[in-house]
C-alpha cells in the first residue's frame, strides 16, 4: 500500500517537469516548422548554446532566492558591477598585449575579484533582508539600482574594453566542441541541484520557504540561511557577468537589462513557487531551453525586441495565473446546486 502511495506521489511530483519537457519539444518543433532552414542549421544551434547561459545562470540565482519565498531583483546589477570591476583589473593591470602565463594570472585575479564582488553584493542584500527586515523585493530592487550606479560611476556610462585575448575563452570558446558557457551553466545547475536536494542546507532552505514559522520553531538559524542564499545568488550573478563580458569583449553598466524579466519568467515557468518552499533545477533547465527556442524563433521571424518583452511579460502573467488559480475550486463553484 505504501509502495503504491509513494509511486503516486512520485508521479505527481514529476508532472510539472514532464509538462515542461513537452513544452520544450513543442516549441522546438514549432520553430523548426516555421523556419526549418535557419532554425535547424548547425550555426543557429551552436549560437543558441553560446547565448542562453548568460540569462540561464541568472535564472539559477533567482531560483535559490525564490525557493525561500524571496526574490533577487539585483542580479543584473550585480552581474554588471562584478564585470566592470573585473574589466578594470584586466585593462589597467594586464592590457590587451598580455599573453601566456601573465594573461592567465590576471584573468584568475579578475575572476576572484568578480566572485568577491558578487559575494559582497549578496551579503549586502542578505543584511537588508535579515538585519533590517526589508521585504526582499524592495531591498533587492533598491540595491540593484545602487550596484548599477556604482558601475556607471566607475565607467562614466561607457563600455570598458581592451582585454587580453584569453578572456574570450570564457564566453566564446569550446571544449571538445561543447561551448564553455554551456559547460559553466551545466556545472552550476548540477551544483545547485545537489545543494538543494542533497544537503542539510538545502533542506533548511526549502523548509523555511514552505513554512517560515515552522522553521523558526525547529531552531533553524533563519538569518544565517538567508545570508548564505543571497551570497550564493550574488556569486552566480558574478559568473553570469563574466560570461556576458567575455562574449561582448567589454563590460558596461547596462548590459543584459532585459535579462531580469527573463530570469524571473524562467524560474516561475520552471515550477519554482514564488511563495517559497518548492523549486527544482531540472524544471528551470527545461524552462531555459523553451525560452531559448522561442527567443531564437522570434528573432528569425523578425519580431522586435519591444514586442518580445511584451510577450515575456504576458507569458509571466499567464503562468502565474495558471499556477495560482484553484481550478478545482472554480469547477466546484460552477456545479449547479442540487434541488429537491
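Estimated at 0.36 nm per residue, the fully extended path between residue 25 and residue 47 surpasses their Cα-Cα distance by 6.1 nm. Modelled spin labels at residue 195 and residue 176, positioned 7 Å past Cα toward Cβ, are 2.5 nm from each other. Residues considered: 36, 135, 164. Largest GNM mean-square fluctuation over the chain, using C-alpha springs under 10 Å, is found at 36. Using only the alpha-carbon atoms, how far is helix 2-34 inclined from the longest principal axis of the chain? Give it as 0 to 90 degrees, nearest 10. With rounding to tens, the tilt is 50 degrees. Each of 268, 231, 84 was scored by other Cβ atoms within 10 Å of its Cβ. Arranged with the fewest first, they read 231, 268, 84. Assuming R0 = 41 Å, what is the FRET efficiency of residue 112 and residue 304, from their Cβ-Cβ distance, to the nearest 0.05? Result of the calculation: an efficiency of 0.55.
With contacts taken as Cα pairs under 8 Å and at least 6 residues apart, the stretch 202-319 reaches a relative contact order of 26 percent. Helix 136-155 axis versus longest C-alpha principal axis of the chain: approximately 10°, rounded to the nearest ten. Entry note, the chain: relative contact order of 32 percent, from Cα contacts under 8 Å with a spacing of 6+ residues.
By the count of neighbouring beta-carbon atoms within 10 Å, fewest first, 317, 260 end up ordered 317, 260. Taking each residue as 0.36 nm, the span from residue 145 to residue 314 lengthens on full extension beyond its C-alpha to C-alpha distance by 58.4 nm.
Taking the centroid of alpha carbons for each part, the stretch 160-228 and the stretch 90-146 are 15 Å apart. Can you give the helix-only mean residue ellipticity at 222 nm for the chain, where every DSSP H stretch with n ≥ 4 adds -39500 (n - 2.57) and the sum goes over all residues, rounded to the nearest 500 deg cm²/dmol? Calculated mean residue ellipticity at 222 nm is -24500 deg cm²/dmol. Axis angle, to the nearest 10 degrees, between helix 75-89 and the longest C-alpha principal axis of the chain: 20 degrees.
Oblate is the label for the stretch 221-323. Its Cα gyration tensor axes, ordered a ≥ b ≥ c, give a/c of at least 1.5 and b/c at or above a/b. In terms of surrounding Cβ atoms within a 10 Å radius of their Cβ, 227, 269 rank from fewest to most as 227, 269.
Readers should treat all values here as calculations from the given coordinates under stated rules, not as data from a laboratory. Note that the structure is a prediction, hence the values are computed from the model and not measured. FYI the Cβ positions are ideal-geometry reconstructions off the backbone, even for glycines, and counts take in every protein chain you see.
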